[in-house]
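Below: the structure, in structure tokens.
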Amino acid sequence: MINVYVPRDTASISMGADEVAASISELSTEINVIRNGTWGMTYLEPLVEVETDNGRVAYGPVSVADISSLYAAGFLDGGDHPLFRGLTSEISAD
Amino acid sequence: MDDFRQATNIVDGFKKIPGGLLECLHAIQDFYGYVPKEIVDIMADGFNISRAEVHGVISYYHDFKTLPLGRNLVRVCQAEACQSMGSRELTSRIVDLLGLDLGETSEEYTLDAVYCFGNCALSPNVEINGKLHPRVSPDNFEKLIKEGVL
């Protein structure tokens with residue numbers, strides 16, 4: 001199973017996180033969508049994280065319209081995409 | 001017109017719970033859409049407290065309504081962060097579009113002021129029928145209300 005984290009705080013939900021989570025769940029039965037809290041980087045919400053061998057990588061801000069291109073770019077393996085933010089723990093504000 | 005028989009069942013479900021009045025009021029409001037004044041007596045009897053005490057709790061919390069709402073509930077934030085991002089202009093537009101001032105109700109709409117949804121980073125915020133919409137400009141409110149309102 002691939003763990004994918006989608007926040008469910010007020011800000012993320014207001015930016016469509018519920019729809020994003022539902023849309024990601026429909027991609028594959030191998031995906032385990034986990035709803036978590038926000039890191040506080042509201043400008044990137046909904047911030048979708050994928051657990052990879054190298055750590056948690058982030059994509060954001062993700063809308064439902066981005067899901068198909070994210071999937072095509074291999075986001076489930078940490079693939080590159082215009083919304084790719086690298087390892088979540090290394091995101092800086094600039 | 002409902003004869004409020006269901007209210008007795010709802011009150012019975014909460015009256016043994018310490019501090020159950022608040023939960024009971026939520027349940028009543030979920031069922032009726034507001035807290036009918038006829039039910040104050042039923043709650044006072046059920047919880048063995050005075051009608052004044054029930055009224056005191058209802059009137060303390062703005063979210064408990066004592067009159068039926070319009071078919072659609074529009075709540076617009078009036079707190080500082082949203083004001084700094086244009087909620088006054090937004091509110092003026094909403095007032096014009098709905099033909100209601102803050103706190104007023106028509107058959108179709110209820111327009112309420114809210115003092116912070118906790119979504120300040122995405123100001124200004126408007127809630128339409130329970131769904132929160134961030135960064136609402138006066139121009140896209142009209143679009144939102146067409147999408148969100150049944």
Rounded to a whole number, the Stokes-Einstein D of segment A:12-94 in µm²/s (Kirkwood radius over Cα pairs; 20 °C; 1.002 mPa s) is 168
Residue B:71 neighbourhood, Cβ < 13 Å, K/R = +1, D/E = -1, net charge -2
Applying the gyration tensor rule to the Cα atoms of segment B:103-146 (axes a ≥ b ≥ c; rounded if a/c under 1.5, else prolate if a/b exceeds b/c, else oblate), the class is oblate
For peptide B:121-131, the mean count of other chain Cβ atoms within 10 Å per residue Cβ is 2
The size of the Cβ-based charge dipole (Lys, Arg +1; Asp, Glu -1) of the protein assembly as shown about the Cα centre, to the nearest 20 debye, is 400
Mean Cβ-within-10 Å packing, highest first, puts peptides B:60-67, A:5-12 in the order A:5-12, B:60-67
Summing -39500 (n - 2.57) over every DSSP H run of at least 4 residues in chain B and dividing by its residue count gives a helix-only mean residue ellipticity at 222 nm, to the nearest 500 deg cm²/dmol, of -14000 deg cm²/dmol
Dividing the alpha-carbon radius of gyration of segment B:76-131 by 2.2 N^0.38 Å, where N counts its residues, gives 1.07
Computed over all unlike Cα pairs, the Kirkwood hydrodynamic radius of segment B:15-100 in Å stands at 15.1
Counting all Cα-Cα pairs in the protein assembly as shown, those more than 23 Å apart amount in percent to 62
Treating only Lys and Arg (+1) and Asp and Glu (-1) as charged, each at its beta carbon, one finds that chain A has a dipole about its Cα centre, in Debye to the nearest 20, of 160
Relative contact order of segment B:35-124 (C-alpha contacts under 8 Å, at least 6 apart) in percent is 31
At R0 = 22 Å the Cβ-Cβ FRET efficiency linking residue A:8 and residue A:68, nearest 0.05, sits at 0.45
Note: residue B:30 to residue B:104 extended length (0.36 nm per residue) minus current alpha-carbon separation gives 24.6 nm
From highest to lowest solvent-accessible area (probe 1.4 Å; ligands, DNA and RNA excluded), B:109, A:43 read A:43, B:109
Chain B: spread of alpha-carbon positions along the three principal axes, whole Å, largest first, is 50, 31, 21
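The values are calculated or read from the model by the stated rules, or taken from the named source; none is laboratory data. Remember, it's a predicted structure, so these values are computed and weren't measured experimentally. For neighbour counting, all protein chains shown are included, and Cβ atoms are generated from backbone atoms with ideal geometry for every residue, glycine included. Remember, those area values only see protein heavy atoms, side chains included, never the ligands or the DNA or RNA. Shrake-Rupley method; radii C 1.70, N 1.55, O 1.52, S 1.80 Å.
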